[in-house]
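Taking it in order: structure first as structure tokens, then the write-up.
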Amino acid sequence: MRRARFDPDALAGPDRLKWQRLVAAAKTAESRLADDRRDGREHDWRSNVWRGFKEFFFLNVFFGMCAYCESDVESVYVGDAEHYRPKGKVTQREGDREIEVTCPDGNPHPGYYWLAYDWRNILPSCYKCNTHFGKGTQFPARRHACSPDVGADPNALDAFEEPFLLHPFKPNYDPKKYLIFDNLGGIASKDEDEAAAITIDVFDLDRKGLNPKRIDQQKLAWDGFKKARERAAEDDSPLGDPLAEYRHGRRPHSIAALQHVARMIEREAQLNMEALAE
């Protein structure tokens with residue numbers, strides 16, 4: 001799960017026009033949602049809105065990778081538009097049970113319906129992270145807001161709710177501070193961080209199917225780095241950035257690969273120091 005940097009104000013040309021159309025469609029849908037709730041009507045969800053954001057993010061920000069597990073999604077599947085805060089129902093796990101979150105009045109949480117069309121609440125994901133044995137309607141937090149009165153936007157809600165799930169768009173998210181990927185493709189929370197552990201559990205990020213995929217990318221990254229280093233030494237030229245595609249998230253499981261390469265470089269340095277000391 002890498003840190004994704006996205007600033008709509010920095011968009012230009014066709015991408016900016018496409019984004020403006022997406023935002024306009026979202027505002028129209030939000031207005032209809034507000035009217036329906038005010039008048040007591042059942043709202044007909046405009047799934048094309050969040051599908052549009054999903055496709056934009058897959059193309060321009062996550063490059064076809066799941067925002068959570070970093071698997072290559074779009075080459076084999078259209079992918080899901082995952083609502084970070086669920087739009088229609090909210091649950092969280094207590095032990096081995098998944099229970100409904102209730103509001104102060106004792107009624108089930110209605111879902112974060114007011115964020116259903118907010119792009120900051122939508123991320124592109126694979127099926128397994130979004131549903132299956134993954135997140136579903138879970139949203140673990142220290143407390144839950146049951147209406148937009150507490151916070152109409154994600155930033156205000158974060159301050160009130162203190163959610164546990166890591167979010168790749170958040171400026172305070174740095175994978176190096178939260179996640180550790182070992183050389184066998186495994187994942188763990190760094191320093192037993194609570195938010196990282198809960199995120200791994202909710203999205204099922206330690207599922208066995210991911211391990212061999214991570215190992216493949218770790219080997220590819222390390223082999224590519226060594227070859228680039230050898231060529232630079234032979235040509236007496238700068239090394240450059242042979243890991244650029246991983247740093248920019250254009251390869252699957254980029255964080256696992258980068259951490260592996262960093263460890264291998266550190267191990268080489270340590271071995272060299274030990275050899276010199278003999």
Filter result for LYS176 (open to solvent by 50 Å² or more (accessible area, probe 1.4 Å) and of a type in the set (D, E, K, R)): yes
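Collect the residues in segment 132-173 that are touching a His at 6+ places or on another chain (Cβ under 7 Å), in a loop (DSSP other than H, G, I, E, B) and crowded, with 18+ Cβ neighbours inside 10 Å, keeping them in residue-number order.
At the first step, the residues of segment 132-173 found to be touching a His at 6+ places or on another chain (Cβ under 7 Å) are 144, 146, 161, 173.
From the residues that got through so far, the ones that are in a loop (DSSP other than H, G, I, E, B) too are 144, 146, 173.
Of everything in segment 132-173, those that are touching a His at 6+ places or on another chain (Cβ under 7 Å), in a loop (DSSP other than H, G, I, E, B) and crowded, with 18+ Cβ neighbours inside 10 Å turn out to be HIS144, CYS146.
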So for segment 197-208 (the condition being open to solvent by less than 30 Å² (accessible area, probe 1.4 Å), aromatic (Phe, Trp, Tyr), modelled with pLDDT under 95 and in a loop (DSSP other than H, G, I, E, B)), does at least one residue qualify? no
Between a residue in segment 264-276 that is closer than 24 Å to GLN218 by Cβ and any residue that is part of a helix (DSSP H, G or I), which pairs come within a Cβ distance under 7 Å, given they are 6 or more apart or on different chains? MET264/TRP222
Per-region count, segment 209-253, residues more than 23 Å from HIS132 (Cβ to Cβ), in a helix (DSSP H, G or I) and not acidic (Asp, Glu): 17
Please verify whether segment 69-81 includes one or more residues that are open to solvent by less than 10 Å² (accessible area, probe 1.4 Å) and under 16 Å from CYS146 (Cα atoms). no
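The rows are residues; the columns are (1) aliphatic (A, V, I, L, M); (2) within 19 Å of the chain's Cα centre (by Cα); (3) under 24 Å from ASP201 (Cα atoms); (4) not in a strand (DSSP E or B).
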| site | (1), (2), (3), (4) |
| --- | --- |
| VAL49 | yes, no, no, yes |
| TYR77 | no, yes, yes, yes |
| ALA81 | yes, yes, yes, no |
| GLU98 | no, no, yes, no |
Is it the case that some residue within segment 228-246 is open to solvent by 40 Å² or more (accessible area, probe 1.4 Å), in contact with a helix residue (DSSP H, G or I) (Cβ under 7 Å, 6 or more places away or on another chain), under 20 Å from LEU210 (Cβ atoms) and at pLDDT 95 or above? no
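Closer than 25 Å to ASP15 by Cβ, crowded, with 19+ Cβ neighbours inside 10 Å and of a type in the set (A, V, I, L, M): is that true of LEU123 in this structure?
Values: closer than 25 Å to ASP15 by Cβ: yes; crowded, with 19+ Cβ neighbours inside 10 Å: yes; of a type in the set (A, V, I, L, M): yes.
Considered against the rule, which asks whether it is closer than 25 Å to ASP15 by Cβ, crowded, with 19+ Cβ neighbours inside 10 Å and of a type in the set (A, V, I, L, M), LEU123 comes out as yes.
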Any residue that is farther than 22 Å from ILE122 by Cβ, among the small types (Gly, Ala, Ser), open to solvent by less than 50 Å² (accessible area, probe 1.4 Å) and not in a strand (DSSP E or B) - is there at least one of those in segment 182-191? yes
Considering only segment 51-63, I want to know if a residue exists there that is under 28 Å from ALA141 (Cα atoms) and part of a loop (DSSP other than H, G, I, E, B). yes
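The values are calculated or read from the model by the stated rules, or taken from the named source; none is laboratory data. The shown structure was predicted, so the numbers you read here are calculated from the model rather than taken from an experiment. Virtual Cβ from ideal backbone geometry, glycine too; neighbours counted across all protein chains shown. These area figures cover heavy atoms from the full protein model, side chains too; ligands, DNA and RNA do not enter into them. Shrake-Rupley method; radii C 1.70, N 1.55, O 1.52, S 1.80 Å.
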